[in-house]
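Nothing in this text is a laboratory measurement; each read-out follows from the coordinates by a stated rule. Just so you know, these numbers come straight off a predicted model, no measurement behind them.
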Amino acid sequence: MLLVCLLLAYAALRTPTKAAQVVTVQRTDLTQTVAATGRVNASARIDVGSEVTATVLAVSVREGDRVKAGDLLVRLNDTEAQATLAQAEAALAEARARQAQLGSVASPVAQANLQQAEATLRAAEAEHHRATELVAQGFFSQQKLDDTRRLRDTARSALASARSQAQAQQPGGAEGVLAATRLVQAQAAVEAARARLARLQLRSPLDAVVLTRATEPGNLAQPGKVLLSLAASGALRLDVAVDEKHLALLRTGLPARAVADAYALQPFDAALDWVSPAVDPARGTVEVRLRVPQPPAFLKPDMTVSVDMTVGKVAQALVVDAGAVRGADTATPWALVLNNGVATRTNLTLGLRGTGVVEIKSGLAEGDAVVPATEKVAEGDRVKPTTTAPVRLSGSGMGR
């Protein structure tokens with residue numbers, strides 16, 4: 001036994017000791033963030049164009065103007081459309097007057113004519129009845145009876161005609177139906193004329209800001225050609241491309257801090273609102289949108305922004321310099337920790353990742369000295385620590 005101990009002591013003395021820099025496991029508040037860049041966008045962006053080919057008569061707005069829903073933006077040549085509308089409105093007025101006439105004039109006249117025809121028929125029938133009796137008694141000739149019969153038949157025909165006229169003038173009669181149909185046709189013609197005119201008077205569909213003006217009076221507007229671009233007023237959003245390796249960390253509601261490149265000293269708050277269901281295979285990124293609850297006054301559509309999304313926080317986390325963790329992106333990360341001056345391999349369980357630091361869930365303890373991967377030290381080597389490298393205790397972690 002004594003011999004074995006002597007041999008081990010001799011071997012230890014013969015094993016060279018390597019000088020190496022080490023880092024110390026420490027505790028600090030740790031925040032992990034995912035960083036990305038993108039652009040400011042309006043909640044809605046609209047390109048205004050014409051449905052027909054026509055000459056531009058006037059453009060009422062310029063870049064930067066704020067417009068309300070319904071404001072006239074561009075007026076195309078609408079002379080013919082205006083005339084068509086005036087003609088349709090005149091026809092509508094005529095149809096309304098005709099319908100009103102049926103109720104106030106034609107129908108009462110037809111009823112009066114009917115009553116008169118009924119009275120005439122009664123008188124003719126009575127005269128024919130008297131003539132029949134008198135002819136039978138020999139007081140009148142047969143000619144007189146024929147005359148009264150002819151007058152009776154004529155009165156009957158006049159009554160039938162008066163009844164037809166009276167029925168036709170009623171709301172459900174032929175004339176009433178015809179008048180109602182003409183009124184509906186006239187109303188439809190007016191609506192069609194107004195629709196044609198509206199296609200020549202381009203108005204804003206919502207409250208917005210004019211971004212671009214791509215036409216001038218005298219130009220020819222054609223279908224498919226953009227005349228103006230509008231951005232909806234109010235809420236702005238940030239459209240950002242995030243590296244797909246961070247997809248598992250993203251969820252709606254994550255708080256974020258954003259800064260516009262043009263105003264680097266004025267950061268503002270945002271929150272993750274939407275994550276694309278698809279990944280861009282060409283760039284290896286996933287599109288996300290962030291809402292800006294209180295957009296600063298300087299924020300404008302198409303500005304470039306940098307965003308840090310907070311994906312995790314731990315108070316007084318156990319951390320070590322990221323350079324001391326080996327195989328950090330594998331299933332079995334590990335580190336070389338000094339145990340009685342010997343570099344000993346230990347498996348690790350990792351947590352959040354900050355800027356230059358990694359949270360240690362298990363495998364290390366506070367105060368442990370760990371050999372960075374940059375040092376030429378292998379497992380089992382005896383190590384003499386040189387000046388201990390301070391761990392970079394940063395409060396956040398970034399990834400792109």
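Numerical summary
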item	result
Along principal axes, Cα extents of segment 301-347, largest first, whole Å	60, 24, 18
³J(HN,Hα) computed for each position of segment 247-261 - Karplus, 6.51 cos²θ - 1.76 cosθ + 1.60, integer Hz, glycine/proline x	4, 5, 8, 8, 7, 4, x, 4, x, 8, 10, 10, 9, 7, 4
Reachable aspartates and glutamates from Lys68, criterion Cα separation under 14 angstrom, eight or more residues apart if same chain	Asp207
Partners for Lys384 among aspartates and glutamates (Cα-Cα distance below 17 Å; same-chain residues under 8 apart left out)	Asp368, Glu375
Rg followed by Dmax, in Å, when segment 254-321 is reduced to its Cα trace	14.8, 42
Set Lys245/Lys361; Lys245/Lys300; Lys225/Lys300 screened for pairs whose C-alpha atoms are more than 23 Å apart	Lys245/Lys300; Lys225/Lys300
